[in-house]
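Here is the structure we will look at, set down as C-alpha cells.
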Amino acid sequence: MHNQARAPQQYRAAVALYETVLMQKPGHPLVLHHLGECKLELNAAADALARFEAATRGAPDFAEAHVGRGRALSALGRHDEALLAFDMALKLNPDLVNAWFGHGNALLAMGRALDAIASFDTALTRMPEFAAAWLNRANALLVARRPDEALESAQRALTAEPRLIIAHLTIGRVLTELGRADEAIGHFDLLLAKGPLRDARVGRAQALAGAGRPEEALAELDALLAATPNDADAINTQGVILESMDRIEEALARYEMATTGAPAFVTAWVNRGRLARRLDRRPEAADALARALRLDAGNLEAMLELAELARLENLPDVAEGWLMRARGVALAEPELLVGDRLAAAHASQCRWRDNALHEAVIREQILAGNGEVKPLAVLAWLDDPELALRAARNWVARHFPDVAAPVAAARAPGRIRVAYLSADFHNHATMILAARLFELHDRERFEVWGVSIGPEANDAMRQRARAAFEHFVDAREMSDAEVIAYLRERDIDIAVDLKGYTKDARTGILAGRCAPIQINYLGYPGSMGADFIDYVIADETVIPVDGLVHFQERVVWLPDSYQVNDATREIHEDAPSRAELGLPENGFVFCCFNGVHKIKPAVFDLWMRLLTKVEGSVLWLLCDDETAQANLRGEAEKRGVAPDRLVFARIRPIAKHLARLARADLFLDTLPYGAHTTASDALWAGVPVLTRPGRAFAGRVAASLLKAVGLPELIAGTPDEYEAIALRLAGNPDMLADLRARLTAARATAPLFDSDRFRRHLEAAFQHMHARRLAGQAPADFAVLADGGVADITGRG
C-alpha cells in the first residue's frame with residue numbers, strides 16, 4: 001500500500017536512478033510514476049505533481065498515476081482537484097484500494113466527514129486489514145461526533161498494524177472527547193516517549209485540562225511554545241483552557257494572538273467571536289465570526305454563534321436563518337445538534353408549525369444522554385420532571401465531570417456566613433423579588449455577601465444591592481477558581497445559587513465547591529441534577545411529595561410559598577387609561593404578560609375559545625417583536641378570532657408596568673412553563689391570576705402564589721375547569737370585584753407579600769442546614785413550619 005519507512009537518502013538515490021532511466025526512456029509513464037512517488041516521500045509535492053501529470057499525459061488510463069496525482073494535489077492543499085483525480089482513478093479501476101483511501105482523505109480535508117467515512121469503508125471492504133484506512137476512518141468519525149465508533153476504528157488500526165504508533169494520537173483525542181482523560185494521557189505519554197511529537201503535546205495538554213488539571217495543561221503548552229513560539233494551534237488551545245477556567249481576558253488575548261499569527265486559522269476566529277460575544281462585545285464578535293465564514297463558508301460553530309448573537313440582538317429571523325444553515329451543514333444528527341436552539345428561535349416568534357418535531361428532538365436528545373440539550377429548554381417544552389432531571393444530569397456529566405469534594409466546616413463559631421451568587425443584581429426579576437430579603441437579613445445571626453457574576457451595571461437596583469449586602473463583590477472578571485478561593489478564604493457556610501442553568505450562570509463555581517452547603521434557589525425552577533448542589537428551596541405545591549424523586553437535591557419546603565416578594569414595591573401613581581393602552585373601555589380584558597415563547601398552541605386554543613365566547617373581550621399580551629405579533633394574529637385568525645382582538649404591550653419600567661397592569665381583568669397562565677415573577681406582578685397590582693398546574697416545578701409556581709395570597713379557587717385541575725372559571729369570572733362582575741378586593745387587602749396581610757415573614761422562614765432553613773452540617777449529618781429533606789420549627793419530610797421514593 002505505502003512504502004515502508006526508508007531513510008531520505010534511499011529516496012534520493014532512487015530519484016537519481018529513475019532520472020537516469022528517463023534520460024534513456026523519456027516520458028516513460030511507469031518511471032515517471034515511481035519518480036513522483038519518491039518526490040512525495042521527500043516532501044517535494046510540486047515536483048511530484050509534475051511527474052504524475054506527465055505520466056497521465058503519456059498513459060491516460062494509468063489508474064495508479066492518477067492516484068499519485070491526487071496524493072500530490074492533496075499534499076499541496078488542492079483537495080477539490082485531488083478528489084477529481086481520485087475519481088478518475090476509480091473510474092478506471094473501481095477496486096483500487098489506494099484510490100478509495102485517497103478519496104476519503106481528500107473528502108475529510110474538505111470537511112465532508114460522512115462522505116469520507118463511506119470511502120474508507122469501501123477501501124476496507126476490499127482490504128480489511130488496511131491499518132491506515134481504519135485510522136483515518138477513526139479521525140473522520142471523530143469529526144462527525146461519533147466518538148465511540150471512532151475509538152473502535154482506531155483500535156482496529158492498531159490491531160491490524162501494532163507498529164502504527166501514530167494511532168495512539170487519535171485514541172488519545174477520542175478518549176479525551178469521551179471524558180476518559182486520564183486514559184488519554186497514557187496514550188499521549190506513550191507517543192512522547194518515542195520523541196517530542198508536537199501533536200502529542202497539544203493532545204496531552206487537552207487531556208490534562210479534561211482531567212481537571214488545567215494549570216498542568218497550560219505548563220505543557222508553555223513548554224511547547226518555548227520551542228515554537230509561533231505555534232498558533234498551541235496558542236489557541238491555551239485560550240480554550242483559559243476560557244474553561246473563566247480567565248476570560250487572558251483567553252481572548254490568546255485567540256487574538258492566534259488569529260494575528262495565523263490569519264487563516266478558522267477555529268481561532270470562531271473562538272475569538274464566541275468569547276467576544278460572551279463579553280458582550282457584539283460588533284467585535286460579529287466581525288470575528290464573519291472572518292471565520294469567509295475562510296470556511298460551511299463552519300458549523302460560526303453559524304451557531306451568529307445565531308446566538310442574532311438572538312441577543314433581538315433578531316429572531318436572522319437567528320433562525322443561521323440555525324437553518326447550521327442544520328444543513330451539520331455532519332451528524334443535525335436535528336439533535338441545533339434542535340433546542342431552533343426550538344427556542346421558533347418559540348420566540350410563535351412559529352408553531354414544527355412544535356411536535358421540536359418536542360420529539362428534545363426528548364431524543366435527553367434519551368441519547370449526550371448532554372447537548374440545555375436543561376432550561378426542557379422546562380420550556382416538556383411538562384415532564386423525570387426527563388428534566390435526566391437532562392440536568394446529562395448536562396452535569398458533560399460539562400462538570402470533575403466535582404470537588406465538600407469543604408470541611410472548620411471555622412470558629414459565629415454568625416452564619418451566606419453568599420448569594422447571581423448575575424442579576426440589577427434591574428432584573430431576581431432583584432425585583434428579592435431585594436427586600438437582602439435588606440432584612442438578621443445581621444446578628446447572619447453575615448451576608450452578594451457575589452455579582454454578571455455584567456456591569458449602575459442602575460437603581462444595583463445601588464440597592466450594594467447597600468443591602470454587608471459585603472458586595474463584583475466577580476465578573478474573576479475566574480471560577482478565584483471566586484471559589486475568595487469564598488473559601490472567608491469561610492462561607494452557605495452559597496445560594498440564584499441562577500441555576502439560566503443566562504450568565506457560573507455553575508463551575510458551585511462545581512468547585514465554594515461552600516460546605518450549596519443551594520439552588522429562585523432562578524432555576526427545576527433540579528440541577530448535580531451532587532454539588534445540596535438543597536433546593538421550594539414549597540409543598542411546587543414540589544409535592546410525589547415530586548421529591550425528581551430532584552437530586554434534598555428539598556426544603558417553606559410554609560407559604562417558596563417565592564420571596566418585596567412588599568415595598570412601588571406602583572406608579574399615574575396609571576394610563578384603557579384607551580391610552582389600546583384596550584376597550586368596557587370589554588373584558590384577558591391578559592398574559594409571560595414571555596410569548598411560553599405560549600403553546602393548546603393554551604392558545606383555549607384562550608381563543610374564551611374570546612369567541614366572551615363578546616367584546618380582548619387578549620392583552622406583552623410582545624415587542626413584530627414578527628411574533630403577526631404570527632399570533634395569524635394564529636387567532638385561523639381559529640376564527642379577529643386579529644385586532646389581540647392587543648400588544650411593550651416593555652416598560654416596572655412601576656409603570658404595574659400601574660398599567662391593573663387595567664386588566666384576569667391574568668391567564670401558560671403551561672408547561674408558567675408565570676413566576678409575572679404572576680406576582682399581577683397579584684401585587686390587584687389582578688387575579690388563573691392557572692392550571694402542570695407536573696413540573698416550572699408549571700406550578702402560580703398555584704403556590706395563589707395559595708399564599710388566599711385565592712386557591714383560581715387553581716384549575718383540568719383545561720375544562722380553567723375555561724369554566726375564566727368564563728364565570730368574565731360573566732360575573734361582582735365575583736371579579738370580590739377577588740380584586742381580596743387582593744387589595746392581601747397586600748397588607750397575605751403571607752405572599754410579608755417579606756419579613758419569608759425572611760424568618762428562610763433563615764430557619766439556613767440554620768437547620770448549618771446545624772446538620774456541624775453535627776456531621778448529610779443533607780436531608782425537611783420542612784420549615786409556620787412557627788419557624790422544622791420537621792422531616794417523608795415519602796421520597
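The values are calculated or read from the model by the stated rules, or taken from the named source; none is laboratory data. Source: prediction; values computed, not measured. Here the Cβ is made from the backbone with ideal geometry for all residues, glycine too, and neighbour counts use every protein chain on show. Areas reflect the complete protein model, heavy atoms only, side chains present, ligands, DNA and RNA absent. Shrake-Rupley method; radii C 1.70, N 1.55, O 1.52, S 1.80 Å.
Given only helices, namely DSSP H runs of n ≥ 4 each adding -39500 (n - 2.57), what is the per-residue ellipticity at 222 nm of the chain, to the nearest 500 deg cm²/dmol?
Result for the chain: -17500 deg cm²/dmol, rounded to the nearest 500.
Starting from the 7 Å offset along Cα-to-Cβ, what nm value, one decimal, do you get for the label separation of residue 627 and residue 25?
With each label point 7 Å from Cα toward Cβ, the separation is 6.7 nm.
Measure nothing but the geometry: give the 0 to 90° angle between the long axis through the Cα atoms of 131-143 and the longest principal axis through the Cα atoms of the chain, rounded to 10°.
30 degrees
On average, how much accessible surface per residue is there in region 213-290, in Å², for a 1.4 Å probe, leaving out ligands, DNA and RNA?
Result: 42 Å² of accessible area for each residue.
Using Cα pairs closer than 8 Å and at least 6 residues apart in sequence, work out the relative contact order for region 706-756, in percent.
With pairs under 8 Å counted, the relative contact order is 45 percent.
Given a 1.4 Å probe and every protein chain left where it sits, what share in percent of the accessible area of region 363-417 is carbon and sulfur?
On the way: 1460 of 2720 Å².
Accessible surface attributable to carbon and sulfur in region 363-417 totals 54 percent.
If you average the sequence gap of Cα pairs under 8 Å that are 6 or more apart and divide by the length of region 468-624, what percent do you get for the contact order?
Value for region 468-624: 14 percent.
Can you compute 3J(HN,Hα) from phi for each residue in region 63-73, using the Karplus curve 6.51 cos²θ - 1.76 cosθ + 1.60 with θ = phi - 60°, rounded to whole Hz and x for Gly and Pro?
Along region 63-73, the couplings run 4, 4, 5, 5, 4, x, 4, x, 5, 5, 5 Hz.
Can you list the residues, at least 5 places off or on another chain, whose amide H is less than 5 Å from the amide H of residue 518, using H built in the peptide plane?
495, 534, 535
Write down the accessible area per residue of region 545-600 in Å², having rolled a 1.4 Å probe over the full set of protein chains.
That works out to 39 Å² for each residue.
For region 163-264, which whole-number percentage of the solvent-accessible area (1.4 Å probe, protein heavy atoms only) is attributable to carbon and sulfur atoms?
Carbon and sulfur atoms account for 55 percent of the accessible area of region 163-264.
Do any trypsin sites (Lys or Arg not before Pro) in region 342-373 lie in a loop, going by DSSP, with at most 10 other beta-carbon atoms within 10 Å of their beta carbon, and if so which?
353
Straight-line reach from residue 638: which lysines have Cα under 19 Å away, leaving out those fewer than 8 places along the same chain?
Cross-link targets: 600, 613.
Based on the Cβ-Cβ distance of residue 647 and residue 792, what FRET efficiency does E = 1/(1 + (r/R0)^6) give at R0 = 35 Å, to the nearest 0.05?
0.10
Along its principal axes, what span do the Cα atoms of region 195-267 show, with the longest given first and each in whole Å?
Per principal axis, max minus min of the Cα coordinates gives 31, 29, 19 Å.
How much area per residue is accessible in region 51-141 when the probe is 1.4 Å and only protein heavy atoms are counted (Å²)?
Solvent-accessible surface per residue comes out at 40 Å².
Quick check: pseudo-label points 7 Å beyond the Cα along Cα→Cβ at residue 662 and residue 313, how many nm apart are they?
Between residue 662 and residue 313, the label points sit 4.1 nm apart.
With unit charges on the beta carbons (Lys and Arg positive, Asp and Glu negative) and the dipole taken about the Cα centre of the chain, which residue among 203, 473, 389 sits farthest to the positive side?
After comparing all options, I get 203.
Can you tell me which of 68-76, 382-390 comes out highest on packing, and rank the rest after it, using the mean Cβ neighbours within 10 Å? Write down the numbers at each step before the final one.
Working: 68-76: 24.3, 382-390: 21.2.
Going by the mean number of other Cβ atoms within 10 Å, highest first, we get 68-76, 382-390.
Can you tell me the orientation of helix 147-160 relative to the chain, as the angle in degrees between its alpha-carbon axis and the longest Cα principal axis, to the nearest 10?
For helix 147-160, the angle is close to 20 degrees.
Can you run phi through the Karplus equation (6.51, -1.76, 1.60; θ = phi - 60°) for region 560-577 and list ³J(HN,Hα) in whole Hz, with x for Gly and Pro?
Rounded to whole hertz, the list is 10, 10, 5, 7, 6, 9, 9, 6, 9, 4, 8, 10, 4, 6, 9, 7, x, 6.
On C-alpha positions alone, give me the angle between the axis of helix 755-774 and the longest principal axis of the chain, in degrees, nearest 10.
That works out to roughly 50 degrees.
Treat each spin label as a single point 7 Å out from the Cα along the C-beta direction, and report the residue 771 to residue 84 distance in nm.
Going by the 7 Å Cα→Cβ label model, 8.2 nm.
How high is the FRET efficiency between residue 545 and residue 398 when r is their beta carbon distance and R₀ equals 30 Å, given to the nearest 0.05?
0.45
Between beta-carbons, use under 9 Å as the cut-off and find the net charge around residue 471, counting Lys and Arg +1, Asp and Glu -1.
So the surrounding residues net to -1.
Over region 615-700, what percent of the accessible surface lies on carbon and sulfur atoms, probe 1.4 Å? Kindly include the intermediate steps, with their values, before the conclusion.
Working: 1330 of 2870 Å².
That fraction is 46 percent.
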